[in-house]
Every structure is written in structure tokens, then in C-alpha cells.
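Comments concern the structure below.
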Amino acid sequence: MPRRCTVCDHPETHSIDETLVTGAPYRSVAKRFGLSESAVYRHKTEHLPVHLLKAREVEEVAQADDLLEQVRNLQAHALGILDRAEKAGDLRTALAAISQARGNLELLGKLAGELDERPVVNLNVSPEWLELRAVIVGALEPHPAAHSAVLRALECGQ
Ligand SMILES: [Zn+2]
């Protein structure tokens, strides 16, 4: 069994880490927190990098979550615009909203793929995407040329 680290076991281990990161000398850190100099040295060389790495991972996951949230908001907006444009019969705006929504879905898929523990979004089976496809195709049925052009474009991207 490895010897317990008095710094890791210290109730103020987080403050000690922060102090060590600023480059404070072992002696003053040891004195300030009532630890031995060798324990502080061993902790800094062996444990601090692991702590820092973990802290960075937590931060990255938080940032990725934030990005996901933003893309989800964009997606909600795009779908709202699509809905309104479709009701107004404004196909140009509807197509722009579709293209935006599709880009958002791809971005969501990429973001999700970068986070190991999250499932990768598969556009072909995503209910949102299938629903969107049905809306697009349905909206364009009275316009055969646009209908087939959009169908072709959708097929190409998959
Ligand atoms: Zn330690």
C-alpha cells in the first residue's frame, strides 16, 4: 500500500494546490499549512498534475455543456422560424431555416461525439431530424420542382 499523502488528506488540499500552482516555495507552503516540506514536494510532483488534469476535464465538460445548450437554443429558434415560415407559405425562409436547423443538428452531433460519455447523435435516426424531414417534404409537395430539388439535396448530405 502506498503511503498516504498528508497534503491530499489535508482539509485545505484545494487551497494548497492553488498556492503551489502560483509557484510558492515548498518551505512557506509547508509552514503555512503545518505540513512537512518533503510531503509538499512529493505532493506537487506526484499528485498536483493529476489534480490539475481533473480540474481541466471538469472545466472542459462544463464548456461543452454550455456549447450544447447554445446550439439547442439555436435549434429551437430555427424550428420556430421554420414553423412560422411554413404556415405563412414563405418557402424561401422555410428553406433557410431548414438549412440552419440541419447545420445545428450536425454541430450537435459533433459536440456530442467529442464527449465520450454522451451518445453520438445519428442524424438519420434523430426524431427531430426525421420530423423536420417530414415537415420539409410535406411543405414542398405543392411545388414539384422545389420538392425534388430538396429531396435530392437531403439525400446527398447523408
Ligand atoms: Zn498528495
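When the chain is modelled as a GNM with alpha-carbon springs shorter than 10 Å, which of 105, 53, 95 fluctuates the most?
In this elastic network of the chain, the residue with the biggest mean-square fluctuation among 105, 53, 95 is 53.
Report the semi-axes of the equivalent ellipsoid for the chain in whole Å, largest first, where each axis is √(5λ) for an eigenvalue λ of the Cα gyration tensor.
Over the Cα atoms of the chain, the semi-axes work out to 57, 14, 10 Å.
Tell me, what % of the accessible area of the range 1-114 is carbon and sulfur with a 1.4 angstrom probe?
Heavy-atom surface of the range 1-114 belonging to carbon and sulfur, 1.4 Å probe: 55 percent.
Could you tell me what fraction of 2.2 N^0.38 Å the Cα radius of gyration of the range 7-89 comes to, as a two-decimal ratio?
It is 1.99.
If the cut-off is a Cα-Cα distance under 19 Å, which aspartates and glutamates reach residue 110, setting aside same-chain residues fewer than 8 apart in sequence?
Correct list for residue 110: 57, 59, 60, 65, 66, 69, 128.
Given the Cα-Cα distance of residue 69 and residue 83 and 0.36 nm per residue of separation, how much length would full extension add, in nm?
Value of the extension gain: 2.9 nm.
Identify which of 18, 57, 69 has the largest mean-square fluctuation in a Gaussian network model of the chain, with springs joining Cα atoms closer than 10 Å.
Result: 18 has the largest fluctuation of those listed.
Relative to the longest principal axis of the chain, what angle (0 to 90°, nearest 10) does the C-alpha long axis of helix 127-140 take?
Taking the Cα atoms of the chain, the angle to 127-140 is about 20 degrees.
Show which lysines lie in cross-link reach of residue 44 when reach means a straight Cα distance below 21 angstrom and same-chain residues fewer than eight apart are skipped.
Result set, ordered by chain and number: 31, 54.
Provide the per residue accessible area, probe 1.4 Å, for the chain, rounded to a whole number of square angstrom.
67
Determine the calculated [θ] at 222 nm for the chain from helices alone, applying -39500 (n - 2.57) to every DSSP H run no shorter than 4 residues and normalising by the residue count; nearest 500 deg cm²/dmol.
After summing the helix terms and dividing by the residues of the chain, the value is -24500 deg cm²/dmol.
The values are calculated or read from the model by the stated rules, or taken from the named source; none is laboratory data. The structure displayed is predicted, hence computed values, not measured ones. These area figures cover heavy atoms from the full protein model, side chains too; ligands, DNA and RNA do not enter into them. Shrake-Rupley method; radii C 1.70, N 1.55, O 1.52, S 1.80 Å.
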